[in-house]
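Worksheet for the structure shown next.
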Amino acid sequence: MKIKLHVWRQKNAKSPGKMETYSPSDVNPNMSFLEMLDVLNEDLIKKGEDAISFDHDCREGICGSCSMVINGRPHGPSKGTTACQLHMRSFKEGDELFIEPWRAGAFPVVKDLIVDRTPFDRIMAKGGFVSVNTGSAQDANALPISKDLADKSFEAAACIGCGACVAACKNSSAMLFVSAKVSQLALLPQGQPERMRRALGMLRQHDEEGFGACTNTKACEAACPKEISIENIARLNRDFMKATLFYPEHESSANE
Amino acid sequence: MNSWVFKAMKSTIGQKWLMGLSGLFMIFFLLGHMSGNMLIYAGPEAINTYAETLRKFPALLWAFRILSVVALVVHVVTAVVLTKRNRAANPIPYASSAWKGSSWSSRNMGMTGFVILLYIIYHLAHFTWRLTHPELFSELDAFDAYQMVILSFQEPWLVGLYVFATFTVCLHLTHSISSSLQTLGINHPKYNEAIRRLGDFLAIVLFLGFSSIPVAVLLGILS
Ligand code: SF4
Ligand code: FES
């Protein structure tokens, strides 16, 4: 099949960048979206041009590396699918596709379609973990938990940290990501001791990184390849306010 | 100021709580306002007695007015702060953007909110401060709310303006109700559908209730 691509090209963080047009000729409908870009890149390299840089790693929808907005939709048109799991058969002969990097002030472009997502790492460092002693694993049934809660936690834990929620949001808010990371632990007994501190720390870091405020448009939920629900954002809203009003913060931070 | 209060009010969630709480207060205000207005269909007697009764309790009336103004100011100031922050967070637009999954009203709350603010100012200038139509009110007894309404809405353009403004309120509200509850942490698959329907229902009821009066006057149903 024949398609037309408009791809964002930008040499480095400082240069301005612009959309460039490409017309790859023999696109196989069974190719994945990234394979299509691979083939195009080989062509470009043969012609002595600079290949299109994009992030990718697992190519099976679990690492969250592949980040590109295809026709205005993070990860492209298929519901609950990462860009690497998207196939060219989702498009038609003669389609015109716009491929752009995540757009958010907190995610500056590094090169072409690659953006810097280290703000997510700094948010995780502020509480996206549980502090447990290492050593031999605990007995499996020592901490009872209902199946329903375990399932809910597992759904939140499916977040792969790709940042599509930020890319989809008109406010570049990362609330869906933060709420998934807060919820996966807030729903489990192991997450309770640090629950309040986690909500405060991660949200404050989110704000500090320059992400926007959530206006509940739900664009994130529609774009998320793991279909994380905004129910998690409501939980984060509750936990953050509870922590603000009732958590004896100064004492614990003095102990740190 | 206590540092934790300050920190909370600086956070995105804290500011969203301010938006949600002040907004919910104004929704209750609108429901009260509309119920009062509906008395106009019961005749001049009913609505004028209502207007006079309100004025017999100045302390209550003023407490309520001050609360409403505070809610409005908090809502508007927070909206400006949040909008600025959100624009700064998203400086580069997409060449093609789809915004899938989000409703038009959810993406344009700032715009509809701004139109509503202008309308509130005009509405106050019209009926409360009596600046826009002084000639209509000069021969009237100050408390004749009924005649005030009847005389005002003889002009089709003004009726159009009021209908347009209340429709804008309706658009704003279709997102407001579920959004404010979500912000306050109220979201559960058990009742989300009910909240969404209630939000749309209230928005439509408020629109029909408010806009029916100028239209009824223009059509001569109320005279
Ligand atoms: S919430 Fe969804 S869209 Fe956001 S980072 Fe996690 S997986 Fe990606
Ligand atoms: S490359 Fe790992 S999720 Fe797409």
From the options A:Lys147, A:Lys170, residue that is surrounded by fewer than 23 Cβ atoms within 10 Å (Cβ to Cβ) and closer than 21 Å to B:Asn86 by Cβ:
A:Lys170
Consider the range A:85-103. How many of its residues are open to solvent by 10 Å² or more (accessible area, probe 1.4 Å) and either over 19 Å from A:Ile52 (Cα atoms) or away from chain B (no Cβ under 14 Å) (or both)?
9
Kindly provide the set of residues from the range B:68-100 that are closer than 13 Å to A:Thr215 by Cβ, facing chain A (nearest Cβ under 7 Å) and touching a helix residue (DSSP H, G or I) at 6+ places or on another chain (Cβ under 8 Å), ordered by number.
B:Leu82, B:Arg85, B:Trp99
Wholly within the range A:115-209, which helices (runs of 4 or more DSSP H) include no fewer than the required count, namely at least 2 residues that are of a type in the set (Ser, Thr, Tyr) and within 21 Å of the chain's Cα centre (by Cα)?
A:175-186
Please identify the pairs in which a residue from the range A:153-165 that is farther than 15 Å from A:Phe129 by Cβ has its Cβ atom under 8 Å from the Cβ atom of a residue that is of a type in the set (A, V, I, L, M) and open to solvent by 20 Å² or more (accessible area, probe 1.4 Å), counting only partners at least 6 apart or on another chain.
A:Ile160/A:Ile62
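Listed here are the residues, each with its yes/no results for (1) in a helix (DSSP H, G or I); (2) within 14 Å of chain A (Cβ to nearest Cβ); (3) open to solvent by 10 Å² or more (accessible area, probe 1.4 Å); (4) within 30 Å of A:Ser229 (Cα to Cα).
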| residue | (1), (2), (3), (4) |
| --- | --- |
| B:Gln147 | yes, no, yes, no |
| B:Gly160 | yes, no, yes, no |
| B:Ser178 | yes, yes, yes, yes |
| B:Ala203 | yes, no, no, yes |
| B:Val217 | yes, no, no, no |
Picked from the range A:60-79 (must be of a type in the set (S, T, N, Q), within 16 Å of ligand 1 (Cβ to nearest atom) and touching a residue at least 24 places away in the same chain (Cβ under 8 Å)), the residue most open to solvent (accessible area, probe 1.4 Å) is A:Ser65
Would you confirm whether or not the range B:186-193 contains a residue that is surrounded by fewer than 19 Cβ atoms within 10 Å (Cβ to Cβ), outside any helix (DSSP H, G or I), of a type in the set (A, V, I, L, M, F, W, C) and within 14 Å of chain A (Cβ to nearest Cβ)?
yes
Could you tell me whether any residue of the range B:125-140 is open to solvent by 60 Å² or more (accessible area, probe 1.4 Å), at pLDDT 95 or above and of a type in the set (Lys, Arg)?
no
Exactly one of A:Asp57, A:Asp26, A:Asp43 is surrounded by fewer than 16 Cβ atoms within 10 Å (Cβ to Cβ) and within 16 Å of ligand 2 (Cβ to nearest atom), and that residue is A:Asp57
With the requirement that a residue be more than 8 Å from every other protein chain (Cβ to nearest Cβ) and open to solvent by 20 Å² or more (accessible area, probe 1.4 Å), what does the range A:221-232 give you?
A:Lys226, A:Glu227, A:Ser229
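Here are some residues: A:Arg204, A:Arg235. Which one is among the basic types (Lys, Arg), within 14 Å of chain B (Cβ to nearest Cβ) and away from ligand 1 (no atom under 16 Å from the Cβ)?
Details: A:Arg235 fails: away from ligand 1 (no atom under 16 Å from the Cβ).
Just a single option satisfies the conditions, and that option is A:Arg204.
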I'd like to check something: does the range A:125-132 contain any residue that is within 16 Å of ligand 2 (Cβ to nearest atom) and either open to solvent by 70 Å² or more (accessible area, probe 1.4 Å) or under 20 Å from A:Leu34 (Cα atoms) (or both)?
no
Within the range A:173-192, is even one residue modelled with pLDDT of 95 or more and within 16 Å of ligand 2 (Cβ to nearest atom)?
yes
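The values are calculated or read from the model by the stated rules, or taken from the named source; none is laboratory data. Just so it is clear, the structure is predicted and the values come from calculations on it, not from any experiment. Here the Cβ is made from the backbone with ideal geometry for all residues, glycine too, and neighbour counts use every protein chain on show. Heads up: the accessible areas ignore ligands, DNA and RNA and are worked out on the full protein's heavy atoms, side chains in. Shrake-Rupley method; radii C 1.70, N 1.55, O 1.52, S 1.80 Å.
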